[in-house]
Amino acid sequence: MNNYELIDGKAIAKEIKREIAMQVAELIDSGKRSPHLVAVIVGEDGASLSYVAGKEKQSREVGFISSVYRLPEETTEKELLEMVSFLNNDIEVDGYIVQLPLPKHINEQKILNAIAPHKDIDGFHPMNIGRMTLGLPSYIPATPLGIKLLLERSGIETQGKHCVVVGRSNIVGTPIAILLSRNAKNANCTVTLCHSKTENLKDICLTADILIVAIGRPAFITADMIKEGAVVVDVGIHRIEDGSEKGYHIVGDVDFENVKHKCSKITPVPGGVGAMTIASLLHNTLMAYRKEIYE
Ligand code: GUN
């Protein structure tokens, strides 16, 4: 039984946004324009609409210019490629994202491949993923960047530690495994990347000093899988219908109530990793504005 500490994603995101807002204020004071972030959304997916609304609101809060292109569900792949080409060439746009998922008739990878790498603030373009893998300057996708920032700003030592990542998605598990294994500051972990075909998952998790869970299954990680004193980072977010007044409650991929007592530190859901993603995107937008990655 440990006196665990919460890793407060909300507070850390707020701190990052305050730092970004101060940098934007300095730019404006020196007569420069604000960074400009654009989001493109195709169709009416509820989760995507609320995510894009959050990006728009938080962009404005830090002083960015924020635009959203809302395209109808029937938009063709060719029309979306034209929009991408337009944004690639618009010198007033520093960075943009095309919100996923896209309607089924559009090939997502084809769209992501067409985004100019220097404006790809999601870090989804193969050029950015390749550069990240090689340790070259690149945009890091929002969720893995958010995890890195949470670990750094919570003073969690990573060097030499065994980090177990559960889930190998292209946007979370695989990039965070790569980033934490690199020979770099706030990295140098020994990383094990587990997935749906992993044997002895429980035994591997029990050896984790840092356990990062992005498997997409509610309360999948239980207390018997946790080493005493581990740091646990929960990327999952699930809405569970219940008989409450609200009608649902939110849980992560970790059985938080039972796991927390074994941890030294743990992220809550909500208010952990999820709270960091937009702050990470704003961070990438400022890098795009400053041309810190691509000249
Ligand atoms: N859909 C869910 N998360 C994301 C994200 O980080 N970027 C984009 N483009 N779409 C998403």
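The values are calculated or read from the model by the stated rules, or taken from the named source; none is laboratory data. Worth saying up front: this structure is predicted, and the values here are computed from it rather than measured. Glycine also receives a Cβ, built like all others from the backbone with ideal geometry; neighbour counts cover every protein chain displayed. Calculation scope for accessible area: heavy atoms of the full protein, side chains included, ligands and nucleic acids excluded. Shrake-Rupley method; radii C 1.70, N 1.55, O 1.52, S 1.80 Å.
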Vicinal HN-Hα couplings computed from phi for the range 183-191 (Karplus, 6.51 cos²θ - 1.76 cosθ + 1.60; Hz; Gly/Pro x): 7, 7, 4, 6, 9, 6, 7, 8, 10
Segment A223-F86, length gained on full extension (0.36 nm per residue, minus Cα span): 44.3 nm
Shape of the range 111-263, Cα gyration tensor, a/c cut at 1.5: oblate
Probe 1.4 Å, protein heavy atoms only - accessible area per residue of the chain in square angstrom: 48
Anisotropy class of the range 218-295 from Cα gyration tensor, a/c 1.5 cut: oblate
Zone residues, the range 225-258, relative to N2, backbone N less than 17 Å from point 7 Å out along Cα-to-Cβ: 225-235, 254-258
Partner aspartates and glutamates for K104 [C-alpha distance under 16 Å; skip if fewer than 8 residues away on the same chain]: E44, D45, E73, E74, E77, E79
Part-to-part distance (alpha-carbon centres) for the range 126-170 and the range 12-33, which is given in Å: 24
Student exercise, the chain dipole from Lys, Arg, Asp, Glu Cβ charges, in Debye to nearest 20: 580
Nitroxide proxy distance, nm - points 7 Å out along Cα→Cβ at I240 and H162: 2.9
Separation in nanometres of the label points that stand 7 Å from Cα toward Cβ, at H105 and Y248: 2.8
The range 263-269 - phi-based ³J(HN,Hα) in whole Hz, Karplus 6.51/-1.76/1.60, Gly and Pro as x: 8, 8, 9, 8, 8, x, 10
Backbone HN-Hα couplings from phi across the range 96-103 [Karplus 6.51/-1.76/1.60, Hz, Gly and Pro as x]: 8, 10, 9, 5, 9, x, 9, x
Test item: Cα-centred dipole of the range 169-295, Lys/Arg +1 and Asp/Glu -1 on Cβ, debye: 420
Carbon plus sulfur fraction of accessible area for the chain, probe 1.4 Å, in percent: 53
Rounded if a/c under 1.5, otherwise prolate or oblate - the range 1-124, Cα gyration tensor axes: oblate
In degrees, nearest ten, helix 277-289 long axis to first principal axis of the chain (Cα): 40
Summed side-chain charge close to G160 - residues other than G160 whose Cβ falls under 14 Å, Lys, Arg +1, Asp, Glu -1: +1
Spatially proximal aspartates and glutamates relative to K78 (Cα-Cα < 18 Å; intrachain offsets below 8 disregarded): E108
Efficiency of FRET from Cβ geometry, A53 and I28, R₀ 30 Å, rounded to 0.05: 0.80
